[in-house]
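The values are calculated or read from the model by the stated rules, or taken from the named source; none is laboratory data. Just so it is clear, the structure is predicted and the values come from calculations on it, not from any experiment. With ideal geometry, Cβ positions are generated from the backbone for all residues, glycine too; neighbour counts draw on all protein chains shown.
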Amino acid sequence: MTSGQYLLAGKSGCPQVVLSVEVSVPRRAHRRLRRSRAACALTLGAALTVPLGLTTPAAAAGQYTVTPLKLTVRAGERTCTIDADLYRPAGVDASRPAPAVLTTNGFGGSKSDGRTDAIGRAFAQRGYVSLAYSGLGFGRSGCLISLDDPGVDGAAASQLIDFLGGKRAADDGTTADFVTLDRAGDPRVGMIGGSYGGAVQLATAAVDHRVDALVPMITWNDLAYSLAPNNTVGAADVPGAFKWQWTNGFYLIGEGQPLLAPSLDPSRINTIDCLHFVSRACQTVRTLNSGRYPADRTADLLDYARGVSPVSYLNRVEAPTLLVQGQADTLFNLNEATATYKALRARGTPTKMIWQSWGHSGGLTDPASGELNLAQGNLESAYVGRRILAWFDRHLHKKDVDTGPAFAYHRDWITDPQATYATADRLPAAGHDLYLSGDGELVDDRAEVARGSRTYTNWPVPTSHSESSLAGILGLPDPAPYDTKGTYLAWTSDPLESDLDVVGAPRATLKVVSPAAERTQDSGDAADKLVLFAKLYDVAPDGRQTLVHRLVAPVRVPDVTKPFTVTLPGIVHRYEEGHRLRFVIAASDGAYLGNRGIKPVTVVSAPGDTGVLRLPVTGG
């Protein structure tokens, strides 16, 4: 007898309602109803068109069984139980095995949320054995939340691979002797998932080289950058501006687990520092919220945040990786995936990257027309979905199929859903320079730079707004971005004579004068260094300005006496003919912790010595 989530069938035989209930059922797996593709095309989890690479006629019909499982694992210093569902396609058995797909939830989710179980169903319908599980500390799985630590979350996932490889049974004795093996104990297995369920893939592949393919979506490269970004090039040892809204939102979700999952397993309780996170995660959040970063705290913060991040272990990842990152994402922006992409390619790991439209800040629950929708499983009809299927066909089914170009990106100015993606064999290089003139103009010839200086100052409260960070993911309204007069500087170009397509991360080289910051920057507390926020607006002919996806580049300047270079978040955006570009540096932003104390800033320009904005542009 067991419990789980089941679909109730409507009059058409299509699943209409999802219920999570405690019920008594035979331990043998529940068999899903056969469904008409035409009748079910618009329902959650509907059967989809026949994919490439199916191994049996029965699997092609989309039938599968689901078996709820418990698997006790050793995760770091704790032993706990993982709650999982095993999806087995009809016709797959020991004599006709199939490759496996392992997936888990985003932060705060579980195996039964709308995306994780949809992935399990979608790949089972396509002939893959799927194992969907609740990540450590979520759903009904035990252990503390440890931020996808390779030694904890990665080690736990490795033991699930042991199960898929026949090296161990589930707690009730269930085995998976129907998964394709490359050798004894080594299953043919890929991983897919988003956000928190994306980083765990890289963590797992770093500790277990049996993983054959990865598809990490909208996830991070370096949590130190994600939570306290400093976009100053070469300042990795200086924490940036604390992203307090995003960080505390997720922290509260983690600490509020008793409200989301009553009767918690004791292994999920931290009796020392906080409720449900490992102690070092609690300490990191407290340091960030304190707004004080003395050298010892800074070193510990950066050491921990990076230690649980791919940036510290990508040199151990061998599994072919298809990175999918969202353009509308202020939590984990395109720069994170770019850093992972470059690191994996440099070590020789087969890696490709797609920049889709949606991320944490937009489209997560309602992707644009033609885009991949994980809750619907529309793999064949979406460009990203087809790329994922080809990736698994190549690396799990070992088919000689084209997995697509090295780089692809969604263009929101293309109206045909079948033609929104452009492709390239490499990332665009920055190559279009604009210069910051002393009169507030943004010019394309250094000789046109006017001599001049302008000053802004910060207030004790934020005076610029880019976003309310959780508004996008919660579907709430958010005021348009703005800057308060006297607290920012702007440089604006002439109207464009033709369309300008920017694809990638713009860079700005700046030099500022701030005697107040100069007096405090060597205090021994990084929080005393100057903070500013760089951003790039699109200004329409009627004067309305758009901050693309509300992205900004927080900067904590290491030394105001020296020039510094800022890497802005990557974008894919067409600045249309007649529009103008506006580059802004602002004193504050309400989504971040900013300057401590009042620190006026002056920018001086001259033809031979001025700031430069460099744009990565493409032909269309």
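For Gly404, state whether it is closer than 19 Å to Asp212 by Cα and outside any strand (DSSP E or B).
yes
Could we say that Gly120 is closer than 30 Å to Gly359 by Cβ, of a type outside the set (A, V, I, L, M) and in contact with a Gly (Cβ under 8 Å, 6 or more places away or on another chain) here?
Taking the combined requirement at face value, the residue does not satisfy it.
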Got a number for residues in the stretch 505-553 being touching a helix residue (DSSP H, G or I) at 6+ places or on another chain (Cβ under 6 Å) and hydroxyl-bearing (Ser, Thr, Tyr)? 1
Would the stretch 194-212 turn up any residue that is free of Cβ contacts under 8 Å to residues at least 24 places away in the same chain and basic (Lys, Arg)? no
Can you name every residue in the stretch 415-454 that is in a loop (DSSP other than H, G, I, E, B) and within 24 Å of the chain's Cα centre (by Cα)? Thr420, Asp425, Arg426, Leu427, Pro428, Ala429
Within the stretch 189-211, can you find the residues that are crowded, with 24+ Cβ neighbours inside 10 Å and more than 18 Å from the chain's Cα centre (by Cα)? Val189, Gly190, Val211
Checklist (1) of a type in the set (Lys, Arg); (2) modelled with pLDDT of 95 or more; (3) surrounded by fewer than 12 Cβ atoms within 10 Å (Cβ to Cβ) applied to Arg426, failing item: (2)
Under the condition of being over 19 Å from the mean Cα position of the chain (by Cα) and aliphatic (A, V, I, L, M), which residue from the stretch 83-117 is surrounded by the fewest Cβ atoms within 10 Å (Cβ to Cβ)? Ala94
Within the stretch 404-419, can one find any residue that is in the same structural domain as Ile571 (by TED's automatic domain parsing) and either touching a helix residue (DSSP H, G or I) at 6+ places or on another chain (Cβ under 6 Å) or polar (S, T, N, Q) (or both)? no
Return yes or no: is Val539 in the same structural domain as Ser493 (by TED's automatic domain parsing) and more than 29 Å from the chain's Cα centre (by Cα)? no
Inspect the stretch 288-305 for any residue being at pLDDT below 90, surrounded by fewer than 20 Cβ atoms within 10 Å (Cβ to Cβ), outside any helix (DSSP H, G or I) and not hydrophobic (A, V, I, L, M, F, W, C) and give the result as yes or no. no
I'd like to verify a number: residues in the stretch 467-479 that are without any contact (Cβ under 8 Å) to a residue 60 or more places away in the chain and either aliphatic (A, V, I, L, M) or in contact with a Leu (Cβ under 6 Å, 6 or more places away or on another chain) (or both), how many? 3
For the subset of the stretch 566-592 comprising residues that are within 13 Å of Ala553 (Cα to Cα) and in contact with a helix residue (DSSP H, G or I) (Cβ under 7 Å, 6 or more places away or on another chain), which member is surrounded by the fewest Cβ atoms within 10 Å (Cβ to Cβ)? Thr567
Residues in the stretch 340-356: is at least one in contact (Cβ under 8 Å) with a residue 12 or more places away in the chain and more than 24 Å from His395 (Cβ to Cβ)? no
Show the residue pairs meeting these rules: Cβ distance below 9 Å; 6+ apart or different chains; first residue within the stretch 497-520 and on the phi > 0 side of the Ramachandran plot; second residue surrounded by 15 or more Cβ atoms within 10 Å (Cβ to Cβ) and hydrophobic (A, V, I, L, M, F, W, C). Gly504/Leu334; Gly504/Leu427; Gly504/Ala430; Gly504/Ile571; Gly504/Val572; Gly504/Leu615; Gly504/Val617
Given the conditions (1) at pLDDT 95 or above; (2) buried (at least 20 other Cβ atoms within 10 Å of the Cβ), every one holds for Glu318 apart from (2)
Residue in the stretch 347-366 that is modelled with the lowest pLDDT, counting only those that are outside any strand (DSSP E or B) and within 19 Å of Leu551 (Cα to Cα): Leu364
Pull out all pairs, ordered by first then second residue, where Cβ-Cβ is under 9 Å, the residues are six or more apart or on different chains, the first lies in the stretch 120-145 and is in the same structural domain as Leu275 (by TED's automatic domain parsing), and the second is surrounded by fewer than 24 Cβ atoms within 10 Å (Cβ to Cβ). none
For the stretch 87-116, which positions are outside any strand (DSSP E or B), under 24 Å from Asp208 (Cβ atoms) and either of a type outside the set (A, V, I, L, M) or touching a Ser or Thr at 6+ places or on another chain (Cβ under 6 Å) (or both)? Pro97, Pro99, Asn105, Gly106, Phe107, Gly109, Ser110, Lys111, Arg115, Thr116
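Matching residues to (1) under 22 Å from Leu331 (Cα atoms); (2) at pLDDT 90 or above:
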residue	(1), (2)
Ala205	no, yes
Asp208	no, yes
Trp220	yes, yes
Ala224	yes, yes
Gly240	yes, yes
Asn248	yes, yes
Leu259	no, no
Leu264	no, no
Arg268	no, yes
Would you tally the residues in the stretch 440-450 being of a type in the set (D, E, K, R), farther than 13 Å from Phe583 by Cβ and surrounded by 14 or more Cβ atoms within 10 Å (Cβ to Cβ)? 1
